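The values are calculated or read from the model by the stated rules, or taken from the named source; none is laboratory data. Everything quoted here is computed from the prediction, not taken from an experiment. Glycine also receives a Cβ, built like all others from the backbone with ideal geometry; neighbour counts cover every protein chain displayed. All accessible areas refer to the heavy atoms of the entire protein, side chains included, with ligands and DNA or RNA removed. Shrake-Rupley method; radii C 1.70, N 1.55, O 1.52, S 1.80 Å.
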Amino acid sequence: MSNIYLLFSVFLFLFSLIFIIISSKSKTTISNNLPKSYPIIGSAIAIKKHFDRRVQWTSDILQKLPSATFVLHRPLGHRQIFTGNPANVQHILKTHFHIYHKGPNMHYTLFDFLGNGILNADGDTWKFQRQIASHEFNTMSLRKFIETVVDTELSQRLIPILSAAAANETVLDLQDIFQRFAFDNICKIAFGYDPEYLLQSLPVAPFAEAFEETIKIISDRFNCAFPIIWKMKKFFCIGSEKRLKEMIPLVRDLATNIVKEKKAELKKNSSIESLDILSRLLSSGVSDENFVTDVVISFILAGRDTTSVALTWFFWLISCHQKIESTVLEEISDKSEDPIFEEVKDMVYTHACLCETMRLYPPVPVDNKMAKGDDIFPDGTQVKKGTRVTYHPYAMGRMEALWGPDWAEFMPERWLVKDEANNKKWNFVAKDPYSYPVFQAGPRVCLGKEMAFLQMKRVVAGVLSRFEVVPAADSGEKPVYIAYLTSKMEGGFPVRIKERAK
């Protein structure tokens, strides 16, 4: 075994040496802002240099290119195409959907975490899960979600925690609070299970900590300049791959227990109405417990991280724009103290604020596909079979061609027009989903889009009507943006809570 470790160390040393030699002799960029590519290693130097801010780096490149598309040359001749061109995005997500899928490489990279869950599946496996899940997003289910699940979590858990923080003048990590809130909600609505993660004591949960660490390691895997490195680390069970192997059981244990409890519940009362996704899945005849566990983990990731991320950035942006916050408060004041389903749906200005938040800070900043065959993008870019194709919502939200010269401003009004019959009323105008692919588009468009908006608007109304959320950092200090599978604030979002005057 010592010889194996020695060989692995020599392998890493040789690659490091190559980096040092080439870096000392060459610049990593050329005049047209594209990363310099070298034989064998491609643009590995630039990838390594910008690894911690890879989303911002690739966004900067796309923003400067007229075509909003470029090819990143990865080691050993592999190519990755980045695009922020709406025509290309529509080509990938809709018109040539049959060509672009997750692919075997992506599936293998994410498999230890997501298995064959919906976020890592193609073909019939994906279609089956989507069909099962689609029943959860009709009007009746959405109403139930708001009036029972969200309202209960809000009134019995979130509001009391914020009230206590205001009374005791303590600092809360709002990012953590919203993750707990969203985690409880997705488990309740999708699995009929309450993990009780958002309690007054803010309990330490081994599952949540393992989930976070797993996401980071898997994301680093996915973006590694030399995938052979993480694959060798996995083979020899060392470093981050050893840590991942320790974390995965903690993640899967909770998901497996959820499945077992639901099985027991259905067995005890076989006549129970299958209202949640997990009940429908188990009642459909699926017997593979590993597969069902994969499904549970995928839905936790989709339901927890996306809405919590959007809410976190929303409350920071609102705190920086007092005039916009005042307009949101005016809209909330026109509703009842605890807005009902129809009132939440009608919060047009708040809806625009959330869309504007996700334009600047999309919960999933980039999304990847693999080409099943040769193809050509509408802008003329040649796509070869096996090429990794990445469309870039983060970059697209920052493009002057799509949003105008004021793209950097937080401006909800860009989503609104005045009602012709009532000049005091706003009408929401949705953007082309291929220019704003925050929820994907085409056949794989996010099923939970409306559910996410309803949940977020109910939280905004419930929190802002009672509290002022004040960042604990120094005035003007901007949170550090980080991106793993989803985008977050590094170190959380520490805030002080103040009771709002009635």
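Among the residues of this structure, S23 does not count as one that is over 24 Å from the mean Cα position of the chain (by Cα), outside any helix (DSSP H, G or I) and modelled with pLDDT under 95.
Filter the stretch 187-211 down to residues that are buried (at least 17 other Cβ atoms within 10 Å of the Cβ) and assigned to a helix (DSSP H, G or I), then give me how many there are.
9
Could you list, in sequence order, the residues of the stretch 342-367 that are within 20 Å of the chain's Cα centre (by Cα) and among the hydroxyl-bearing types (S, T, Y)?
Matches in the stretch 342-367: T357, Y361.
Scanning the stretch 392-403 for residues that are part of a loop (DSSP other than H, G, I, E, B) and open to solvent by less than 20 Å² (accessible area, probe 1.4 Å) yields H392, G397, M399.
In the stretch 456-481, the residue that is most open to solvent (accessible area, probe 1.4 Å) out of those that are without any contact (Cβ under 8 Å) to a residue 60 or more places away in the chain and farther than 25 Å from A167 by Cα is K478.
Listed conditions (1) touching a Phe, Trp or Tyr at 6+ places or on another chain (Cβ under 7 Å); (2) of a type outside the set (K, R); (3) under 24 Å from F341 (Cα atoms) are all met by N88, apart from (3). When we screen S308, S271, S284, S336 for residues that are at pLDDT below 95, within 30 Å of P249 (Cβ to Cβ) and polar (S, T, N, Q), the only hit is S284. If you filter the stretch 368-391 down to residues that are hydrophobic (A, V, I, L, M, F, W, C) and surrounded by 22 or more Cβ atoms within 10 Å (Cβ to Cβ), you find that the one that is nearest to the chain's Cα centre (by Cα) is V389. When the residues of the stretch 144-172 are filtered to those that are in contact with a Leu (Cβ under 9 Å, 6 or more places away or on another chain) and not hydrophobic (A, V, I, L, M, F, W, C), the one that is surrounded by the fewest Cβ atoms within 10 Å (Cβ to Cβ) is K144. Residues that are of a type in the set (K, R) and either closer than 22 Å to Q175 by Cα or in a loop (DSSP other than H, G, I, E, B) (or both) within the stretch 212-231 comprise just one, K216. May I ask you to verify whether F70 is of a type in the set (F, W, Y), buried (at least 20 other Cβ atoms within 10 Å of the Cβ) and at pLDDT 95 or above? When the stated conditions are applied, F70 passes them.
In summary, helices (runs of 4 or more DSSP H) completely within the stretch 260-334 and bearing 2 or more residues that are crowded, with 22+ Cβ neighbours inside 10 Å and among the polar types (S, T, N, Q) occur at 289-320.
Looking across the stretch 442-493, the residues that are assigned to a loop (DSSP other than H, G, I, E, B) and either under 30 Å from Q131 (Cα atoms) or touching a Leu at 6+ places or on another chain (Cβ under 6 Å) (or both) come down to V445, C446, L447, G448, Y484, L485, T486, F493. F183 - would you say it is part of a helix (DSSP H, G or I) and crowded, with 21+ Cβ neighbours inside 10 Å? Criteria met by F183.
Kindly evaluate G192 against the criterion of being small (G, A, S) and closer than 30 Å to L76 by Cβ. Judged against the criteria, G192 is not a match.
Just one residue in the set K188, K245, K231, K263 is touching a Pro at 6+ places or on another chain (Cβ under 9 Å) and among the basic types (K, R); that residue is K188. If you go through the stretch 405-441 and keep only what is more than 21 Å from L317 (Cα to Cα) and part of a helix (DSSP H, G or I), you end up with nothing.
Whenever a residue of the stretch 323-341 is over 16 Å from K425 (Cα atoms), its partners that are surrounded by 11 or more Cβ atoms within 10 Å (Cβ to Cβ) and aliphatic (A, V, I, L, M), lying with C-beta atoms within less than 8 angstrom and at least six residues away or across chains, give the pairs E325/I318; E325/L464; P339/I332; P339/M347; P339/A461; F341/L142; F341/I146; F341/L454.
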